[in-house]
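Have a look at the structure below before the remarks.
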Amino acid sequence: MDFPIAATVSATSALLSAVAAGASWRAARKSNDTAAAVAAIEHNRWHTELTPTFDIAFTDQGNDRAMLRLTLTGPAGLDRLDQLTVSVRGDGFNHDPVGGYRSEAEAAEYARTIWGPYRFVYGSDGGSEDGKRVDPVCLELGDWALFSMSRTLAPSWYGDHSMWRQEHSGKPVRLTMTGMREGSSLG
């Protein structure tokens, strides 16, 4: 059976066009993937270069009080934080008590407990009622914020308050700080 030359050329041309279109699509997809990878690398580099650094000073004032001073020290490319949020974390004892909660009130007290040595003073410097957070502050490079802190209290079911103190004495005050600059979280 004979095929007309025009039909053979047309079929061959269509096949070559389909192959070329597929190759073009794969190249475009690879280019998009590469561009996305480069953008992610650049974003991570930018984030790392602008991650805030702080000088942190903790001064025991006596009488179960302390002062926490946070100074924004860098980097040079970050001239200010529009919002710095600071919270106290526990020493990692965040699981349910053995046997579970006996009441809703005990569950709420457990959630409020800071398993560490210090908390923010309620009302002072915007300290929350549970002592875990303070109101956000704005800091310029080289400026500092000062926060009042007090010793944590043992939960009501704990028993001996002096034992609580002894267990947490000398332990670090663990903080979580999140900085915002013009709507971008800087961690």
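About its Cα centre, what dipole magnitude does the stretch 110-187 give when the only charges are +1 on Lys and Arg Cβ and -1 on Asp and Glu Cβ, stated in debye to the nearest 20?
Numbers: 9 positive and 9 negative charges, 66 e Å.
Dipole size: approximately 320 debye.
Which net charge results for the neighbourhood of residue 176, defined as the other residues with beta-carbon distances under 13 angstrom from its beta-carbon, given Lys and Arg at +1 and Asp and Glu at -1? Mind showing how you got there, number by number?
Working: positive: 89, 132, 133, 174; negative: none.
Cβ neighbours under 13 Å give a net charge of +4.
Starting from 0.36 nm per residue, how many nanometres of slack lie between residue 79 and residue 65 once their C-alpha separation is accounted for?
1.9 nm
Please work out the average accessible area per residue across the stretch 66-175, using the 1.4 Å probe convention, and give it in Å².
On the way: 5940 Å² over 110 residues.
Ligands and nucleic acids excluded, the figure is 54 Å² per residue.
What FRET efficiency comes out for residue 180 versus residue 56 if R0 is 22 angstrom and r is the Cβ-Cβ distance? Round to the nearest 0.05.
On the way: r = 19 Å, r/R0 = 0.87.
It comes out at approximately 0.70.
The values are calculated or read from the model by the stated rules, or taken from the named source; none is laboratory data. It should be emphasised that the depicted structure is a prediction, and the values quoted were computed from it without experimental measurement. Here the Cβ is made from the backbone with ideal geometry for all residues, glycine too, and neighbour counts use every protein chain on show. Heavy atoms of the whole protein, side chains included, go into the accessibility calculation; ligands, DNA and RNA do not. Shrake-Rupley method; radii C 1.70, N 1.55, O 1.52, S 1.80 Å.
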